[in-house]
Structure formats: structure tokens, C-alpha cells
Amino acid sequence: MGRSEPLSRTSEARSRLLATATRIFYTEGIHSVGIDRIVTEAQVTRATLYRHFPGKEELVLSYLDGVDQAIRGQVNGALAEGRPAGENLLAIGRSIAGDIRSPGFRGCAFLNAAAEYPDPAHPAHQAVLAHRQWFLETVTGLLEQAGHTPPEPAGRHFVMLRDGAMAAGCLFDPELIGETFLHGVEGLLRNPAGVAGSPA
């Protein structure tokens with residue numbers, strides 16, 4: 001019992017560091033933010049930061065992992081409703097459109113991170129690729145359940161629609177972008193024979 005308070009404080013400090021880094025990395029970019037800024041805004045010491053994260057790279061990877069887990073949670077929440085696969089895809093699409101319309105939207109955290117870490121061997125770039133592979137496999141599996149034959153071109157199409165919407169959503173009217181994205185998803189679901197223009 002005597003150790004619970006220090007452990008609680010340690011956990012709270014780590015959470016505050018990660019929440020601060022997540023907010024600033026997403027809104028301002030990763031490379032533009034230094035450790036001093038993070039510790040100041042999180043109201044911790046540099047020693048506390050390094051006790052939880054050996055360096056900035058580990059903090060960045062924890063940030064990306066947190067975003068990944070949040071998106072997986074959204075998708076799993078949609079799937080937990082037990083709807084048919086096509087309706088699940090629409091629910092995922094509506095969740096994405098909702099993100100685009102949310103205040104402070106700054107595009108896809110993973111596409112943003114990939115632009116800052118272009119080296120395919122860098123752990124941050126690898127984290128981006130792992131997230132995207134999971135998302136592609138998830139929507140491709142749902143498209144297969146919805147009757148798409150073959151499902152792979154439609155899965156890639158869905159991901160490209162999403163990428164375009166996420167990129168455009170912070171540049172143009174988010175309401176219009178969200179609506180256009182959902183029209184694209186609905187069109188994809190109406191074409192179970194395949195994606196127009198895709199190779200046979």
C-alpha cells in the first residue's frame with residue numbers, strides 16, 4: 001500500500017507527458033517540437049521525461065502507438081455492433097468523416113509522420129506502415145464479406161479515398177470533404193464486382 005502513491009504519481013506524469021506530446025506533435029509537427037517545450041508544458045522535469053522515455057524517438061513512437069490504439073478502438077467499436085459488413089464499412093467511413101469535421105483537425109497523424117520520417121527503415125516510418133497494413137487488411141476483409149470479388153482492389157480504393165479525404169479535410173471545407181468521402185464509400189459498396197478501371 002505504501003508504494004501506491006509514488007506509482008500513481010509516476011503513471012500520472014507519464015500520461016501528462018504523452019498527452020502533451022500528442023497534442024503538440026499533431027498540431028505543430030514532430031520535428032518542430034523540442035524536449036524542452038514538452039517538459040515545460042507538461043510541467044515535469046527533464047529527468048522525469050527521461051525516466052519514462054529514453055529519448056524523443058521513444059516518445060514519438062508512444063505517440064504513434066496511442067493514435068493507432070485510438071483508431072483501432074473506433075474501428076472495433078463499429079464492428080462490435082454486429083452489423084453486416086457493408087454497414088460496418090459505412091460506420092467506419094462515418095467515423096472518419098466525423099474526425100475530419102472535428103475542431104482542430106490537421107490531417108492524418110500517420111501521413112503527417114511519414115512525411116517527417118521518409119526513411120523506410122526508421123522505427124517511426126515502420127510504425128506508420130504497420131498501422132496502414134492493419135487498416136488495409138481490415139477494410140479488405142470487410143469488403144470480401146460484403147461480396148467484393150476480388151476484394152483487394154476495393155480495399156486499396158477505400159484506403160486511397162480515406163487518404164485523399166484526410167489530406168483535403170484540413171485544406172478545404174471539412175463538411176464538403178466528409179460528404180464527398182462518404183459518397184465515394186457508398187459508390188464502392190454499390191460495385192461489388194470490383195473497382196472501375198482496376199485490372200482484371
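The values are calculated or read from the model by the stated rules, or taken from the named source; none is laboratory data. Note that the structure is a prediction, hence the values are computed from the model and not measured. Counting neighbours? That spans all protein chains shown, and the Cβs are built from the backbone with ideal geometry, glycine included. The protein model used for the area step is the full one, side chains on, heavy atoms only, and it has no ligands, DNA or RNA in it. Shrake-Rupley method; radii C 1.70, N 1.55, O 1.52, S 1.80 Å.
Details
- Boolean, G107 is on the phi > 0 side of the Ramachandran plot and either of a type outside the set (D, E, K, R) or touching a Lys or Arg at 6+ places or on another chain (Cβ under 7 Å) (or both): yes
- Within region 113-144, if we keep just the residues that are among the small types (G, A, S) and assigned to a helix (DSSP H, G or I), the residue that is most open to solvent (accessible area, probe 1.4 Å) turns out to be A115.
- Taking residues in region 148-170 that are more than 15 Å from G98 (Cα to Cα), and partners anywhere that are hydroxyl-bearing (S, T, Y) and surrounded by fewer than 15 Cβ atoms within 10 Å (Cβ to Cβ), the pairs with Cβ atoms closer than 7 Å and at least 6 places apart or on different chains are P153/S198.
- In region 50-75, the residues that are among the charged types (D, E, K, R) and either part of a loop (DSSP other than H, G, I, E, B) or within 16 Å of the chain's Cα centre (by Cα) (or both): D65, D68, R72
- Hits in region 145-165 - residues which are of a type in the set (D, E, K, R) and either open to solvent by less than 40 Å² (accessible area, probe 1.4 Å) or within 16 Å of G184 (Cα to Cα) (or both): R156, R162, D163
- If you check A130, A85, A113 for being in contact with a His (Cβ under 9 Å, 6 or more places away or on another chain) and not charged (D, E, K, R), only one passes: A113.
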